[in-house]
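What follows is a short report on a single structure.
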Amino acid sequence: MSARAPEVRLTRTRRLLDAPPVKHVPGQLAVEVEPPLVEDAPPRVCQHGNPRCGAVPVRPYPCGLRCEEHQPARTRPYFRAA
Ligand SMILES: [Zn+2]
């Protein structure tokens, strides 16, 4: 092994990186892969009550998304906001 061996290997590797990607790799099946379906995120509306309040804008709380009126400080259990 000569002292220039690493340089030669690096040059070969760089040449491989510059080469265009191979169309078909022997032994591999060319399959068109569809992009994964993006699940619709739940709408960012107030999750207070049943039926839902549904107001916007909302802020995230440990109990979920709440609007200004239904934030935890105002809607404690068994407490009705006036
Ligand atoms: Zn609300």
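The values are calculated or read from the model by the stated rules, or taken from the named source; none is laboratory data. This one's a predicted model, so the numbers in the text were calculated from it and none came from an experiment. Using ideal geometry, Cβ is built from the backbone for each residue, glycine included, and neighbour counts are taken over all protein chains shown.
The residue pairs whose first member lies in region 55-82 and is under 15 Å from Pro43 (Cβ atoms), whose second member is at pLDDT below 80 and more than 10 Å from the ligand (Cβ to nearest atom), and whose beta carbons are closer than 9 Å, counting only pairs six or more residues apart or on different chains, are Leu65/Pro42. Does Pro26 satisfy being surrounded by 10 or more Cβ atoms within 10 Å (Cβ to Cβ) and over 30 Å from Ala73 (Cβ atoms)? For Pro26, the condition - surrounded by 10 or more Cβ atoms within 10 Å (Cβ to Cβ) and over 30 Å from Ala73 (Cβ atoms) - is not met.
Residues that are within 16 Å of the ligand (Cβ to nearest atom) and in contact with a Ser or Thr (Cβ under 9 Å, 6 or more places away or on another chain) within region 8-48 comprise just one, His48.
Against the conditions (1) modelled with pLDDT under 90; (2) within 12 Å of the ligand (Cβ to nearest atom); (3) not small (Gly, Ala, Ser), Leu65 satisfies every one except (1).
Condition test on Arg52, is it at pLDDT 90 or above and assigned to a loop (DSSP other than H, G, I, E, B)? Judged against the criteria, Arg52 is a match.
The set of residues from region 11-28 being in a helix (DSSP H, G or I) and not charged (D, E, K, R) comprises Thr11, Thr13, Leu16, Leu17.
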